[in-house]
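Scroll down for the structure; my scribbles are underneath it.
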Amino acid sequence: MVISATLSEAEHIKSLYTALLDAWNRRDAMAMAELYADNGTQIGFDGSEMSTPASILTHLEPIFRDHPTARFVAKVREVRKLGDDAFLLRAVAGMVPPGQSKVKPEVNAIQTLVASRRAGRWQVELFQNTPAAWHDRPQDVEKLTAELQALV
């Protein structure tokens, strides 16, 4: 992915995150894997862990081939500089099942992305997709679902 040199660093990180979700929404495992650093890690909603673009690709290809995956809608909450060549992005995300127009509350998530710049290129070092179950707090689930539904 080529990102314009005129973007601010925070915009670069948001663009990287958007490219990651767009690749998921297109069901493009290769495009997703290519965004990761050589030792980048992805932690899925179910806790599955993959490290390296090759293992991410191997994990995602059968998912996209065999399952009608839902598409992400997301809202960035924070982009924080960790160092000269490192950023943290925090976001909330929901999923809309194929053929539907409503966010599925039981798969709402908190997403965290750590990015680094190597040889002038921003890459995903870590992407974690954590369930936003908020046990015994249905009002928080409803509030997040409404916020995400407005993005659909």
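Extent of the range 10-92 along its three principal axes (Cα atoms, max minus min coordinate, largest first): 39, 27, 22 Å. Entry note, the chain: the mean residue ellipticity at 222 nm calculated from DSSP H runs of n ≥ 4, each adding -39500 (n - 2.57), is -10000 deg cm²/dmol after division by the residues and rounding to the nearest 500.
Of the listed pairs Lys14/Lys75; Lys14/Lys81; Lys14/Lys143; Lys75/Lys102, which have alpha-carbon separations greater than 18 Å here?
Lys14/Lys143
At a probe radius of 1.4 angstrom, the accessible area of the chain per residue rounds to 53 square angstrom.
The values are calculated or read from the model by the stated rules, or taken from the named source; none is laboratory data. Everything numeric here is computed off the predicted structure, so don't read it as measured data. What goes into the accessible areas is simple: the full protein's heavy atoms, side chains included, and nothing from ligands, DNA or RNA. Shrake-Rupley method; radii C 1.70, N 1.55, O 1.52, S 1.80 Å.
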